[in-house]
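S.K.: To start, I am sharing the structure in question, which I have written as structure tokens.
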Amino acid sequence: MSEIHHPLTDFIKYSEAEMLARATEQYAEVKRRHSIRMFSDKPVPQDIIAKCIETAATAPSGANHQPWHFVAISDPKVKAQIREQAEALERSFYDGRAGEEWLEALKPLGTDANKSYLEKAPWLIAVFSQKRGGIENDQDTTNYYVHESVGIATGFLLQALHHAGLGTLTHTPKPMSFLSKVCNRDNDIDRPYMLIVVGYPDEQATIPDHATKKKPLDEICTFV
Ligand code: IYR
């Protein structure tokens, strides 16, 4: 039995000049993405969020098992529950559980246990990773490179939301297990991976100077 293959019909070839122009444009667009902690409560239509999640789900994954599930939350009651539980965890984190070195590293960001944006922003997307599954949703086989796969999909999602014109914040309250119950995914397969806050930035939104410092190419890349 031989596997089925399809011709690659949707690859687009560009000239090298076009490629450099495209790469440069993409850099400029991605460089405008910043983590936002001040959100407007202006609603965002669900179909925009849905399309961005579809984009995330095109990511490569181990054996193409797509070991992820996204819970997109706009219900104010669910957002309030998430805020309450996340803030309780963050309070103990900032009150000492984090340890001195971690708290010192966070100082330039100016973050604290107040997570009002978890209620104010119109959408929270809880990303779950799945240790078992398969190419079909009802399969129960091993998934591979789960962390890598879900990390790539989450990167695609952040980029898709930014490209659509939305602000985002990756939020990882520690531990995140409370999300399983709140999101109705308390089972043996799904594990909370990350919470993404989505919406328009508040008109007065600022970003910490610390977050604008990106390492130059010669410090992060070696050509051999
Ligand atoms: N989860 C906490 C702390 C925090 C941790 C890291 I690493 C950050 O880059 C930012 C914040 C919070 O959200 O405040």
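The values are calculated or read from the model by the stated rules, or taken from the named source; none is laboratory data. Being a predicted model, the structure only gives us computed values, none of them experimental. Here the Cβ positions follow ideal geometry from the backbone for every residue, glycine too, while neighbour counts run over all protein chains shown.
S.K.: Going through the stretch 165-175 one residue at a time, which ones are closer than 20 Å to GLY151 by Cα and modelled with pLDDT of 95 or more?
M.R.: Here is the first cut: in the stretch 165-175, the ones closer than 20 Å to GLY151 by Cα are 166-175.
Once the filter is applied, which keeps residues that are closer than 20 Å to GLY151 by Cα and modelled with pLDDT of 95 or more, the stretch 165-175 yields LEU166, GLY167, THR168, LEU169, THR170, HIS171.
S.K.: Continuing with the same structure: Pick from the stretch 98-141 the residues that are β-branched (Val, Ile, Thr) and touching a strand residue (DSSP E or B) at 6+ places or on another chain (Cβ under 6 Å): which of them is farthest from ALA205 (Cα to Cα)? Steps first, answer last, please.
M.R.: Going through the stretch 98-141, the residues β-branched (Val, Ile, Thr) turn out to be 111, 125, 127, 135, 141.
Add one more test, that the residue is touching a strand residue (DSSP E or B) at 6+ places or on another chain (Cβ under 6 Å), and what stays is 125, 127.
On the way: ILE125: 21, VAL127: 25 Å.
By that ranking, first place goes to VAL127.
S.K.: So GLY96 passes all but one of these: (1) part of a helix (DSSP H, G or I); (2) loosely packed, with under 12 Cβ neighbours inside 10 Å; (3) at pLDDT 95 or above. Which condition number does it fail?
M.R.: (3)
S.K.: Here's a check for you: in the stretch 205-224, which residue that is under 24 Å from the mean Cα position of the chain (by Cα) and among the β-branched types (Val, Ile, Thr) is surrounded by the most Cβ atoms within 10 Å (Cβ to Cβ)?
M.R.: Only one residue fits best here, namely ILE207.
S.K.: Quick one: ILE53 ticks every box in (1) within 16 Å of the ligand (Cβ to nearest atom); (2) within 14 Å of VAL198 (Cα to Cα) except a single one, so which number is it?
M.R.: Looking at each condition in turn, ILE53 falls short on (1).
S.K.: Within the stretch 8-63, count every residue that is farther than 28 Å from THR212 by Cα, free of Cβ contacts under 8 Å to residues at least 40 places away in the same chain and of a type in the set (Val, Ile, Thr).
M.R.: Final tally of qualifying residues: 2.
S.K.: Does the stretch 40-47 include one or more residues that are surrounded by 11 or more Cβ atoms within 10 Å (Cβ to Cβ) and touching an Asp or Glu at 6+ places or on another chain (Cβ under 6 Å)?
M.R.: Within the stretch 40-47, one or more residues are surrounded by 11 or more Cβ atoms within 10 Å (Cβ to Cβ) and touching an Asp or Glu at 6+ places or on another chain (Cβ under 6 Å).
S.K.: A further question on this structure: Please go through the stretch 140-159 and give me each residue that is crowded, with 21+ Cβ neighbours inside 10 Å and under 22 Å from LYS51 (Cα atoms), ordered by number.
M.R.: Initial filter on the stretch 140-159 (crowded, with 21+ Cβ neighbours inside 10 Å): 143, 146, 149-150, 153-154, 157-158.
Listed by number, the residues that qualify are SER149, VAL150, ALA153, THR154, LEU157, LEU158.
S.K.: Here is a further query. Could you check the stretch 64-93 and list, in sequence order, the residues that are over 24 Å from PRO43 (Cβ atoms), touching a residue at least 40 places away in the same chain (Cβ under 8 Å) and loosely packed, with under 15 Cβ neighbours inside 10 Å?
M.R.: The one that is over 24 Å from PRO43 (Cβ atoms), touching a residue at least 40 places away in the same chain (Cβ under 8 Å) and loosely packed, with under 15 Cβ neighbours inside 10 Å: ASN64.
S.K.: Continuing with the same structure: Give all pairs with beta carbons closer than 7 Å in which a residue from the stretch 108-129 that is farther than 24 Å from ARG191 by Cβ meets a residue that is small (Gly, Ala, Ser); count only pairs at least 6 apart in sequence or on separate chains.
M.R.: LEU109/ALA211; GLU119/ALA80; PRO122/SER74; PRO122/GLY199
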